[in-house]
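Participant: One structure, as structure tokens, below. Some questions next.
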Amino acid sequence: MSSHPAEIYMDYAATTPVAPEVREAMEPYWTQEFGNPSSRHRLGQRAARAVEEARAYVAEGIGADPQEIIFTSGATEANNHAIFGVARRFRSKGRHMIVSAIEHPSVLEPVRALRHQEGFEVTYVGVDQEGRVEPKEVAEALTDQTVLVAVMLANNEVGVIQPVAEIARLTRERGVCFLVDAVQAVGHIPVDVRELGVDLLSLSAHKFYGPKGVGALYVRKGVTLKPLLLGGDQEQGRRASTHHVAGIVGMRAALAFCLRHRSDEQNRLRRLRDKLLSGVPRAIEGARVTGSRVHRLPNNAHFVFRGIQAEALLMSLDMEGFAVSMGSACHAGAMEPSHVLKAMGVDEDWLQGALRITLGHWSTEEEVDRLLEVLPRTVETLRF
């Protein structure tokens, strides 16, 4: 019999388990209801109805109209679609973009490609020590040539929630498109595109107990983008490719699951998160909370440790049965210090010791207590 401890999952920001009712909702669309929504026969039209019902539900869940939702393969595609779509649609107006320095790579990389390959100018706005963008800096960076501003709603590493509505008022006054990556927020905190005032917003089902490989892009009515994928006329000609019907149905079920539990979950997870935010620095000398304690996702606890290598810490915690991370799963193989932490001005001798703990629906207080027991001795063993 294996002596390896039972796994305790605390990496919900990287991905979430598929909820049982989500799996159940998807099942018929792998087998009996496998039709192509573009087919005219009854099997295909039943699939088409399922897609449109899901579109209406997802739209309602974020305060949008159904025709403002484009289904995608995930948030990476959604962000690429938004960025390249705006750049190519409005290039006659100008070639300047503003992005926060703490964006996800699926925003930073397409912007970098436009800068190197198509001559766009990019202004990167920084953050304060709590990881928050200052709207005034965005206002000062706006020019007559600016076609896009991109600031995420909640950071994927440190969980800090950004003043998106304030920034949206600035972009709206100047007639500039505003993209918000809401991947970490949708399903976990209230997200309403009308209240936020944004033009474009991305989300991904696997971050809120849905399947991988499906997401959506909200495009405000009146904003027209050049398509990213060409081929068929799916999504009213805005995104070619046969619909991932099972995934789209799963995303609807996942959002329903989250909305049903959200109020209780926010309070429960916030209590567990705060137990970590207060307990870890108290138990470990040379441990520091990163990011705002006030403007923070309810499930995110992020720390840096002086004199610790995060890779070794993760491996040691994995041996103890904990699945945690350093930060973005998209950069898990990179040994470079986090661009988010550097933007926040974290000192050099703390940068290598980042630990992200993210909780979810199946997290328990017993698991948090167990981590608070194991983490101090693990850090002490590894400290150099």
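Participant: At 222 nm, what helix-only mean residue ellipticity would the chain give, in deg cm²/dmol to the nearest 500, using -39500 (n - 2.57) for each DSSP H run of four or more?
Facilitator: That calculation yields -12500 deg cm²/dmol at 222 nm.
Participant: If I histogram all Cα-Cα distances within the stretch 25-144 using bins 10 Å wide from 0, what percent of pairs lands in each bin?
Facilitator: That works out to 11, 28, 28, 18, 13, 2, in percent per bin.
Participant: Among the lysines, select those whose C-alpha is under 16 Å from the C-alpha of Lys93, and discard any that sit fewer than 8 residues away in the same chain.
Facilitator: Hits, sequence-local ones excluded: Lys226.
Participant: Please give the per residue volume of the convex hull enclosing the alpha carbon atoms of the chain, rounded to a whole number of Å³.
Facilitator: 143 Å³
Participant: Related question: What does the charge dipole of the stretch 20-257 about its Cα centre add up to, to the nearest 20 debye, if the Cβ of each Lys and Arg holds +1 and the Cβ of each Asp and Glu holds -1?
Facilitator: 860 debye
Quick note: the coordinates plus some simple rules give every number you see, no bench work behind them. Source: prediction; values computed, not measured. Note: ideal-geometry Cβ built from the backbone for every residue, glycine included; neighbour counts use all protein chains shown.
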